[in-house]
Amino acid sequence: MNTLARLARWFGVDADWEHVPDDPRRAFHNDLVVGACIVVLTIAATELGRSAGMFEWVGAPESPEWLPHLLAGVTALPLAWRRRYPIMAMLAVYALFLGTGLFNGAVTQVATLQVTYFMALYSGVAWARDRRAMLIAVGVVLVTMFGWIAVQLTDAAVRDEFLDDLGGVAPGMISPWVSLTLYQLLVNVAYFGGAIVLGQLAWHSARRRKQVAVQTATIERQAQELRDHAVLEERLRIARELHDVVAHHVSVIGVQAAAARRVLTKDPAKATEALSVIEKSSREGVEQMRGLVGTLRQVDGTRPGDTAPADSASTANLAGIATLVGDATDGLTCVYRLVEEPSGASGTVPGPIGAALYRTTQEALNNVRKHSTARGASVTLRVDGHGDPAMPRGWAEVEVLDDGHPRPGTSGSGLGLIGIRERAAAHDGEVEAGPRATVGFRVRVRLPLPDGGPVGASSGEREVLA
């Protein structure tokens, strides 16, 4: 990158940002006040200079007494627009400087006007929206001002008058006129260079502040989105748990209540058995609901997503699947199979994985009862601690099959299958759910095991018939 490219980058020529006040109306009001104050101070300083004989001392031309005050005040006036129209205000100040200097150079030396020239150049660099136009305008100002200085220093009359005042004696080692020329050059380079550098530093500082503000707003917006997403995820998780807990037990109660009604007068013993199942299922439902509410009310700092609601107060774990299948006696013959690799691997599956597979089994069996004519179903739990390329740390899966046809007039809302898919997605798992090639329905959910999953060398298989 060459020098010109570096300068263009430093001056923000291609920047896609504009330095504008946060409150333009208030900024303009403040600039009007500041500009008015500088005009008043400039007029006062001009009168002090005139009263001290400064204008006569430099041989100022004859003019009305009020004219120097007017010239000085008008020169400072554009500062009131230094942030609204920074480039125009800068050019106006220096154009008025030239006009005033051509009429009476002494007026341009008033101290407050020196401040005005500095502020105009500083503001033009700091607040210009069009950076290319700003560089052109600054170039015009610098060429004009240093040209003005060069004209003054090369004026023979001025040089002769200066040397005559010294009486032809050189006070130092360097020629008086050369010394004056170098002095004027150094002072003006520092003056104009300082205004430009400080203005550009102010531009960069404002840009950094704006970038930080934008980044802060982005972070806050993203944090709010994450909070909203977390709330939504929590609502969905609670909805899944409520659906699983309530739907399962209510479905069992409904089936058993219908059976009890049919045999109430014919076979009181079977009616009593059905009512016992209703009692047991209702108690389990209440117990799990209490566990769910207790988990939602936890205030010990544990995140709600760290444990599955109601799981700690129920059998919602891998070992509970066998009990769940064993309790499925309401007109449905269920077979439970456990396939482990190695033997005992199911006992080391983490609780959240076991709870997810338990809820999947519960929902799948509930769907068989409600939406299928099946008389038999099978539940197969497989745990592989060695893994495969897709799940190298091992996996645990449950597969539920039935042999029935869809029951007419029992199409559900699909929330159960949605809950199964969401639960699997929370563990980066796989889901297969749909009709079998022959007859019946199939639900298979496979979840990857985290680090530290089961290891060993032997395998085992057990079967339970319910």
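The values are calculated or read from the model by the stated rules, or taken from the named source; none is laboratory data. Treat the numbers as computed from the prediction; the structure is a model and nothing was measured. Please note: Cβ atoms are built from the backbone with ideal geometry, for glycine as well, and neighbour counts cover all protein chains shown.
Per-residue answers, yes or no, for (1) of a type outside the set (S, T, N, Q); (2) under 49 Å from the mean Cα position of the chain (by Cα):
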{"position": "L67", "(1), (2)": "yes, no"}
{"position": "L79", "(1), (2)": "yes, yes"}
{"position": "V93", "(1), (2)": "yes, yes"}
{"position": "T108", "(1), (2)": "no, no"}
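Please determine whether any residue of the range 264-277 is farther than 30 Å from R82 by Cα, among the basic types (K, R) and touching a helix residue (DSSP H, G or I) at 6+ places or on another chain (Cβ under 7 Å). Give the steps one after another, and end with the answer.
Here is the first cut: in the range 264-277, the ones farther than 30 Å from R82 by Cα are 264-277.
Subsequent filtering for residues that are among the basic types (K, R) retains 266, 270.
So of that shortlist, the ones also touching a helix residue (DSSP H, G or I) at 6+ places or on another chain (Cβ under 7 Å) come out as 270.
The answer is yes; a qualifying residue exists.
Return the residue satisfying two criteria in turn: it lies in the range 238-271 and is at pLDDT below 80 and among the polar types (S, T, N, Q), and of such residues it is farthest from L365 (Cα to Cα).
Q256
Here are the criteria: (1) touching a Phe, Trp or Tyr at 6+ places or on another chain (Cβ under 8 Å); (2) buried (at least 19 other Cβ atoms within 10 Å of the Cβ); (3) modelled with pLDDT under 85. Tell me which single one L318 does not satisfy.
Among (1) touching a Phe, Trp or Tyr at 6+ places or on another chain (Cβ under 8 Å); (2) buried (at least 19 other Cβ atoms within 10 Å of the Cβ); (3) modelled with pLDDT under 85, the lone unmet condition for L318 is (3).
Out of the residues in the range 122-163 that are among the acidic types (D, E) and surrounded by 12 or more Cβ atoms within 10 Å (Cβ to Cβ), state the one that is modelled with the lowest pLDDT. Break it down into steps so the answer makes sense when it comes.
Taking the range 122-163 first, the residues among the acidic types (D, E) are 130, 155, 160-161.
If we keep only those that are surrounded by 12 or more Cβ atoms within 10 Å (Cβ to Cβ) too, we end up with 130, 155.
Numbers: D130: 92, D155: 72.
Of everything passing the filter in the range 122-163, D155 is modelled with the lowest pLDDT.
Among the residues of the range 328-372, how many are outside any helix (DSSP H, G or I), more than 46 Å from the chain's Cα centre (by Cα), surrounded by 19 or more Cβ atoms within 10 Å (Cβ to Cβ) and of a type outside the set (S, T, Y)?
Summing the residues that are outside any helix (DSSP H, G or I), more than 46 Å from the chain's Cα centre (by Cα), surrounded by 19 or more Cβ atoms within 10 Å (Cβ to Cβ) and of a type outside the set (S, T, Y) in the range 328-372 gives 4.
Looking at this structure, is A195 assigned by the TED database to the domain that holds P78 and at pLDDT 85 or above?
Criteria not met by A195.
Can you tell me which of D306, D300 is more than 26 Å from I420 (Cβ to Cβ), out of contact with any strand residue (DSSP E or B) (no Cβ under 9 Å at 6 or more places or on another chain), among the acidic types (D, E) and at pLDDT below 80?
Numbers: D306 fails: more than 26 Å from I420 (Cβ to Cβ).
Going through D306, D300 in turn, the sole match is D300.
If you check every pair at least six apart or on different chains, which have Cβ atoms under 6 Å apart with a residue in the range 136-156 that is under 12 Å from T181 (Cβ atoms) and touching a residue at least 60 places away in the same chain (Cβ under 8 Å) first and a residue that is surrounded by 13 or more Cβ atoms within 10 Å (Cβ to Cβ) and polar (S, T, N, Q) second?
Sorted first by the residue in the range 136-156, then by its partner, the list stays empty.
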